[in-house]
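A.B. asks: Right, I'll just put the structure down here and ask away after.
Here, each number is a calculation from the coordinates, and none is a lab measurement. Because the structure is predicted, anything quoted here is derived from the model rather than measured. Note that each Cβ is placed from the backbone with ideal geometry, even for glycine, and that neighbours are counted across all protein chains shown.
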Amino acid sequence: MATKDHPGPKLLAKTGALPLAFLVLILSLATWYFFYIQSMPLTAGDTAVVVVFWIVMVIAGKWLLSRYSPRKKKTGNTKKKFSGGGSLCHGLHLIIGHLKYCR
């Protein structure tokens, strides 16, 4: 039986979502550690809420930075190599790609 390469890591590298994933991981772990040292360890459900919160904050921060940062002048070939819509779209591509691979 031939094995296929999983599309997830390639798509993460192509879209630039890997640094965002690490940022969410670091912020989630820092939040978990903060509550742990306060003697209020988070349950699995609480941790999921914290991770979703940080995902939304990182995506909103990236959107705000892209919206209000000065635009660079495009020179040469202006064609995009990857025509995704944004971080949310990239995340959906990763999930769908993973589901297709696991079938």
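A.B. asks: For an R0 of 22 angstrom, estimate the FRET efficiency from the Cβ-Cβ distance between PHE22 and ARG67 and round to the nearest 0.05.
C.D. replies: FRET efficiency, PHE22 to ARG67: 0.45.
A.B. asks: A follow-up question, please. Quick one: length gained pulling VAL56 to TRP32 fully straight, 0.36 nm per residue minus the C-alpha distance?
C.D. replies: Values: separation 24, 0.36 × 24 = 8.64 nm, distance 1.69 nm.
Roughly 7.0 nm would be gained on extension.
A.B. asks: With a 10 Å Cβ neighbour count serving as the proxy for reagent exposure, in which order, fewest first, do TYR36, TYR68 appear?
C.D. replies: On the way: TYR36 12, TYR68 7.
So the residues, fewest neighbours to most, are TYR68, TYR36.
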